[in-house]
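The values are calculated or read from the model by the stated rules, or taken from the named source; none is laboratory data. These numbers were taken from a predicted model, which means no experiment stands behind them. Here the Cβ is made from the backbone with ideal geometry for all residues, glycine too, and neighbour counts use every protein chain on show. Remember, those area values only see protein heavy atoms, side chains included, never the ligands or the DNA or RNA. Shrake-Rupley method; radii C 1.70, N 1.55, O 1.52, S 1.80 Å.
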Amino acid sequence: MTLSLPIEAEANELLSRSPLALLIAMLLDQQVPLEKAFGSPYQLARRLGHEPAAAELAGYDPGALAAVFAQRPALHRFPRAMAGRTQELARMIVERYDGDAAALWTGAADGEDLRRRLAALPGFGTYKAQITMALLGKQLGVRPSGWREAAGHFGEESSHCSVADIVDDASLAAVRAHKKQLKAAAKVS
């Protein structure tokens, strides 16, 4: 299965075939438009000249990786901080999963186990773990038993509340409208 997010085709292809790139995109998906977050792993690979492995990123010189993230256009609004978080993520994947990001879900006993594994990643937590689970299940066919329940409302069919539901411009507009409603409701509270 191939993602069809509103980003370059090559970026969708990378995210679809590289579990590490997908996790990096989810990590970067904060305080920047989703197109930026999900396009950045592809841009990182282009800047490095190849698709990086977790071990490579884990062992990268922190200052040099921050410089790669900061090259214009920067890969994130906070390039130094997010380069550090990316490196923390890569280290955890190396230490806990022998450098194989897909082992997070291929080795999960069920949906709840996968949610716990994802939530333990640097920069994730429960909310981001549930969105990642929904994305994996809805668009990439990763569906351990109980995945929808563990993904919470993000796992609901046609919920249009996260990146997991974006497959075209219309669904992107629906997700953005949902988020706008949530922000408006939060201001009233």
Any idea which residue in segment 19-67 is surrounded by the most Cβ atoms within 10 Å (Cβ to Cβ), counting only those that are over 16 Å from LEU5 (Cα atoms) and modelled with pLDDT under 95? GLN30
Take the residues in segment 70-120 that are crowded, with 19+ Cβ neighbours inside 10 Å and assigned to a loop (DSSP other than H, G, I, E, B); name whichever of them is nearest to the chain's Cα centre (by Cα). ALA101
Pair list, Cβ < 8 Å and 6+ apart or interchain, from segment 131-154 residues that are assigned to a loop (DSSP other than H, G, I, E, B) to residues that are modelled with pLDDT of 95 or more and acidic (Asp, Glu): PRO144/ASP110; PRO144/ASP113; SER145/ASP110; GLY146/ASP110; GLY146/GLU112
Criterion (over 24 Å from GLY125 (Cα atoms), surrounded by fewer than 18 Cβ atoms within 10 Å (Cβ to Cβ) and either of a type in the set (Phe, Trp, Tyr) or within 15 Å of the chain's Cα centre (by Cα) (or both)) met by exactly one of SER4, SER16: SER4
Picked from segment 71-93 (must be in contact (Cβ under 8 Å) with a residue 12 or more places away in the chain and of a type in the set (A, V, I, L, M)), the residue nearest to ILE7 (Cα to Cα) is LEU75
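Yes or no: segment 161-176 includes at least one residue that is within 21 Å of ALA101 (Cα to Cα), in contact with an Asp or Glu (Cβ under 9 Å, 6 or more places away or on another chain) and in contact (Cβ under 8 Å) with a residue 12 or more places away in the chain. I'd like the intermediate steps shown before the answer.
Keep residues of segment 161-176 that are within 21 Å of ALA101 (Cα to Cα), which gives 163-164.
After this cut, where a residue has to be in contact with an Asp or Glu (Cβ under 9 Å, 6 or more places away or on another chain) as well, the list is 163.
Right, trim to in contact (Cβ under 8 Å) with a residue 12 or more places away in the chain and you get 163.
Yes, that holds for at least one residue.
Report, by residue number, each residue of segment 125-136 that is within 15 Å of GLU88 (Cβ to Cβ) and open to solvent by less than 20 Å² (accessible area, probe 1.4 Å).
Let us first name the residues in segment 125-136 that are within 15 Å of GLU88 (Cβ to Cβ), namely 125, 128.
Listed by number, the list is empty, since nothing qualifies.
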Of the listed residues (ARG17, ARG77), the one being more than 18 Å from GLY99 (Cβ to Cβ) and among the basic types (Lys, Arg) is ARG77
If you check GLY111 against the conditions, is it at pLDDT 95 or above, farther than 19 Å from PRO33 by Cα and out of contact with any Gly (no Cβ under 9 Å at 6 or more places or on another chain)? no
